[in-house]
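The values are calculated or read from the model by the stated rules, or taken from the named source; none is laboratory data. Source: prediction; values computed, not measured. Note that each Cβ is placed from the backbone with ideal geometry, even for glycine, and that neighbours are counted across all protein chains shown.
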Amino acid sequence: MEELIYKLKEAFDEVAPFIERHTRRVCPECQKVCCIDRHGRYDDEDLLFINSLEEQRTALPDRAETEQCRFLDENGCSLPRRLRPFRCTWYFCPPLLDSMRADRGRDYREFVERLRRLQELRRGVLAHSTGHAI
Ligand code: SF4
Ligand code: SF4
């Protein structure tokens, strides 16, 4: 399990630069920022996953769904990527996706493969935590 978690942390670090290269370009112009509290709340799988990393989190919301996400500060998201709800790493709004797809083909393909690998590793951690495949 320790090795799986190590690989997973590496996989989060590997996908982050490509995503952030594009959020830096696209998000400052955004008129409808997606980091509202509803999107920053953990679902059951997130909690299971994060607790298996031994980084305890709770699901308790402390503000309205449509208010700014509790983890957002003046520098952007305050959480390391592996501790964010997973949707924050796999969901890309259309302008962000367009920007990614317009990047160098090789970089985009490499990113898609890294994201696929991250999802696979995360499923492995979840399967290990629950004792069955997810
Ligand atoms: S990811 Fe998309 S919706 Fe969210 S802040 Fe950036 S541009 Fe806006
Ligand atoms: S956890 Fe971070 S990335 Fe996700 S909605 Fe909140 S501020 Fe945005």
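Return the residues of segment 98-134 that are under 19 Å from Val26 (Cβ atoms) and under 15 Å from the mean Cα position of the chain (by Cα); say none if nothing qualifies.
Within segment 98-134, Phe111, Val112, Leu115 meet the criteria.
So, Thr66, is that one over 15 Å from the mean Cα position of the chain (by Cα) and either within 13 Å of ligand 2 (Cβ to nearest atom) or within 24 Å of Glu113 (Cβ to Cβ) (or both) or not?
Judged against the criteria, Thr66 is a match.
(1) farther than 11 Å from Arg82 by Cβ; (2) at pLDDT below 95; (3) not charged (D, E, K, R): which one isn't true of Leu8, the others all being true?
(1)
Counting only residues that are under 13 Å from the mean Cα position of the chain (by Cα) and more than 8 Å from ligand 2 (Cβ to nearest atom), which one in segment 70-85 is surrounded by the fewest Cβ atoms within 10 Å (Cβ to Cβ)?
The qualifying residue surrounded by the fewest Cβ atoms within 10 Å (Cβ to Cβ) is Pro80.
Which residues, taken from segment 24-38, are more than 6 Å from ligand 1 (Cβ to nearest atom), surrounded by 13 or more Cβ atoms within 10 Å (Cβ to Cβ) and within 12 Å of Pro95 (Cα to Cα)?
Arg25
Within segment 29-134, which helices (runs of 4 or more DSSP H) (wholly inside it) include 2 or more residues that are at pLDDT below 90 and of a type in the set (A, V, I, L, M)?
44-52, 105-130
Here are the criteria: (1) in a helix (DSSP H, G or I); (2) touching a residue at least 24 places away in the same chain (Cβ under 8 Å); (3) over 23 Å from Arg117 (Cβ atoms). Tell me which single one Ile5 does not satisfy.
(3)
With (1) surrounded by fewer than 16 Cβ atoms within 10 Å (Cβ to Cβ); (2) within 16 Å of the chain's Cα centre (by Cα) as the list, and Met1 as the residue in question, which single condition is left unmet?
Met1 satisfies every listed condition except (2).
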